[in-house]
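Take a look at the structure below.
Rule-based calculations on the coordinates, nothing more; no lab input. Values in this document were obtained by computation on a predicted structure and should not be read as measured data. Here the Cβ is made from the backbone with ideal geometry for all residues, glycine too, and neighbour counts use every protein chain on show.
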Amino acid sequence: MTRVTPLIMCGGAGTRLWPASRESAPKQFINLLGARSTFQETVLRVADPTLFARPVVITNAEYRHMVSDQLQAIGIQADILLEPARRDSGPAIAAATSFIASNQADATVMVLAADHIVRDQNAFRAATRVAAEAAAGGAIVTFGIVPDHPATGYGYIARGSETSPGIHVVEAFVEKPDAATARDYVERGYLWNSGNFVFRADAMLEEYSRFDPETVKAAGEAVARSTRDLGWVVLDEEAFSACTAISIDFAVMEKSDRVAVVPVEMGWSDVGSWHAVWELSDKDSEGNAAIGDAIFLEARNNLVSARNLVCLVGVDNLAVIETDDATLVFDRSRGDSVRALVKDLASQGRKEVVEHMEVFRPWGSYQRVDMGERFQVKRIVVKPGGRLSLQKHFHRAEHWVVVRGVALVTIEERELVLRENESTYIPQGAIHRLENPGKIPLELIEVQSGSYLGEDDIIRIEDVYNRK
């Protein structure tokens with residue numbers, strides 16, 4: 001069998017998992033259920049070189065450094081495509097498939113969401129082989145999950161006759177049902193629509209072109225006119241923006257007569273809500289799940305995800321989600337309301353929707369420790385080899401104190417090396433840069449003082465990460 005090229009979709013926002021998931025660090029990049037993110041787990045799931053080829057990741061340009069860092073952390077290399085605009089899953093798949101087809105027109109492609117969990121790896125690999133065999137014959141194959149309960153949060157697939165071992169005709173795709181309809185679907189043998197697909201690259205592009213040739217042409221042009229930036233493939237903005245924004249389900253899957261389904265039981269979840277996190281977590285004898293430090297007394301079926309100790313007494317079916325700058329408490333059955341809450345917070349301009357207290361940058365991260373009138377204290381971590389932009393500030397001065405590692409500091413025409421417990425001062429308006437020339441992370445405390453301390457008081461003169 002020809003090796004399968006994984007195409008990992010990595011651009012979602014995950015608002016229903018706020019406050020852990022934020023716009024700048026969405027759910028696929030955070031460690032919700034273990035030591036690795038769901039993106040990393042997805043990549044590792046397709047790392048067997050006997051079955052899978054080098055993966056392709058398509059993501060929003062804003063997440064490019066996060067994708068690269070998380071791939072490096074697990075020792076996996078991939079081609080990373082950057083979307084210059086959000087156009088939903090249809091154009092993303094069209095562009096990435098065009099990229100793959102430019103090297104091998106009949107390549108077998110597997111589309112995977114970066115934020116899904118699969119617990120039975122053997123079942124996943126077995127289903128992949130069945131799907132790849134059908135895809136080689138020109139079918140567009142989707143994975144249909146055998147339901148273990150009547151869920152209302154998933155779309156369903158009505159499967160028809162078996163055309164070959166493990167492959168069924170798709171009779172219909174149906175939208176998310178109400179509770180009564182979901183029970184009926186499960187009784188009738190319907191499958192959950194996982195949103196994972198296997199197809200031959202030329203077959204998908206041909207079928208997509210039947211329904212929307214302009215989008216497929218524009219996606220192909222976005223690839224043909226793409227540029228390279230520090231190793232990433234940047235899709236051409238003008239061409240990609242001409243694509244019609246639409247999901248792959250509406251663009252192709254629900255219209256095509258070439259779609260087949262592989263029923264599979266593989267411990268799958270899209271981790272789409274805090275209720276799903278509770279379902280996937282280990283629980284005590286009373287059904288309580290804790291990610292972090294929690295104590296439960298006369299409490300049942302609760303979920304706690306927190307960095308500090310949380311104690312629940314005499315309450316049932318609650319979710320308590322705590323981060324450094326926000327705490328969310330809600331009835332666990334009302335998890336779908338979190339999305340509406342985030343929308344309301346965004347309308348108020350709340351920064352907690354966008355960023356965590358720890359803010360990630362290409363060179364590392366920073367976290368605010370304290371803030372008052374005319375001063376701010378930050379903890380800054382610079383990765384080995386990381387280099388901040390050459391910059392200056394109009395409204396603030398800065399003091400840097402190294403607490404770990406080695407710092408190479410440029411201030412105007414002067415360079416100096418600082419080690420642990422050494423410090424320096426950057427006057428207001430001085431051109432300066434901070435670098436980590438060492439092999440371990442550089443940690444320092446920055447004390448800012450001045451009339452204005454906003455992040456937009458940065459004038460970049462030179463930047464190795466090509467930021468504006």
**Fill in**
Among the DSSP H helices of the chain, those whose Cα atoms extend at least 15 Å along the helix axis and whose mean Kyte-Doolittle hydropathy is -1.0 or higher are 89-101, 121-136, 201-211, 213-224, 337-347
**Item:** Along principal axes, Cα extents of the range 1-126, largest first, whole Å
**Value:** 43, 34, 23
**Request:** Just name one of Thr59, Val417, Asn31: the one whose Cα is farthest towards the positive end of the charge dipole of the chain (beta-carbon charges, Lys/Arg +1, Asp/Glu -1).
**Result:** Val417
**Complete:** Set Lys176/Lys283; Lys27/Lys392; Lys283/Lys383; Lys27/Lys176; Lys383/Lys468; Lys217/Lys255, cut-off 25 Å on Cα-Cα distance; pairs above it are Lys176/Lys283; Lys27/Lys392; Lys283/Lys383
**Prompt:** So, with +1 on the Cβ of K and R and -1 on the Cβ of D and E, and no other charges, what is the size of the charge dipole of the range 108-222 about its Cα centre, to the nearest 20 debye?
**Reply:** 300
**Message:** Please compute the volume of the convex hull spanned by the alpha-carbon atoms of the chain and report it per residue in Å³.
**Reply:** 164
**Request:** Using only alpha carbons, build the gyration tensor for the range 185-251 and give me the equivalent ellipsoid semi-axes, biggest first, whole Å.
**Result:** 30, 15, 11
**Message:** Output needed for the range 363-468: three equivalent-ellipsoid semi-axes, defined as square roots of 5 times the C-alpha gyration tensor eigenvalues, in descending order, whole Å.
**Reply:** 20, 16, 13
**At R0 = 45 Å, FRET efficiency that the Cβ-Cβ distance of Val354 and Glu187 yields, to 0.05** = 0.55
**Request:** Obtain the nm distance between the two label points defined at Val464 and Val369 by a simple spin-label model: each point lies 7 Å from its Cα along the Cα-to-C-beta direction.
**Result:** 2.5
**Of Leu112, Leu434, Trp363, farthest towards positive along the dipole that unit charges on Lys, Arg, Asp, Glu beta carbons give the chain** = Leu434
**Asked** If r is the Cβ-Cβ distance from Asp120 to Ile74 and R0 is 22 Å, what FRET efficiency results, to the nearest 0.05?
**Response** 0.60
**Asked** Using a simple charge model, +1 on the beta-carbon of Lys and Arg, -1 on the beta-carbon of Asp and Glu, nothing else, what dipole does the chain show about its Cα centre, in debye to the nearest 20?
**Response** 700
**Request:** Obtain the nm distance between the two label points defined at Asp456 and Arg36 by a simple spin-label model: each point lies 7 Å from its Cα along the Cα-to-C-beta direction.
**Result:** 4.1
**Fill in**
Rounded to one decimal in nm, the spacing of the 7 Å Cα→Cβ label points at Ala105 and Asp257 is 2.4
**Asked** When the Debye formula is applied to the Cα atoms of the range 217-337, each taken as the same point scatterer, what base-10 log of I(q)/I(0) results at q = 0.15, 0.18, 0.20 Å⁻¹?
**Response** -0.81, -0.90, -1.01
**Asked** Do the sum for the chain: with -39,500 (n - 2.57) for every DSSP H run of n ≥ 4, divided by all residues, what is the mean residue ellipticity at 222 nm, to the nearest 500 deg cm²/dmol?
**Response** -6500 deg cm²/dmol
**Prompt:** Considering the dipole of the chain built from charges on the beta carbon (Lys and Arg +1, Asp and Glu -1) around the Cα centre, which of Ile321, His168, Gln40 is farthest to its positive end?
**Reply:** Gln40
**Request:** With no solvent and one equal point scatterer per Cα, compute the Debye intensity ratio I(q)/I(0) for the range 96-176 at 0.15, 0.26 Å⁻¹ and report its log10, rounded to two decimals.
**Result:** -0.69, -1.41
**Item:** Percent of alpha-carbon pairs separated by more than 19 Å within the range 97-241
**Value:** 62
**Projected-area mean, the range 235-304, by convex hull of Cα positions, square nanometres** = 9.2
**Asked** Using +1 on the beta carbon of Lys and Arg, -1 on that of Asp and Glu, and nothing else charged, what's the dipole of the range 13-137 about the Cα centre, debye to 20?
**Response** 240
**Prompt:** Looking at the range 15-85 from every direction and averaging, what is the projected area of its Cα convex hull in nm²?
**Reply:** 5.2
**Request:** Inverting the mean 1/r over all pairs of different Cα atoms, compute the Kirkwood radius of the range 284-373 and quote it in Å.
**Result:** 15.0
**Message:** I'd like the distance separating the alpha-carbon centroids of the range 259-320 and the range 201-240, in whole Å.
**Reply:** 40
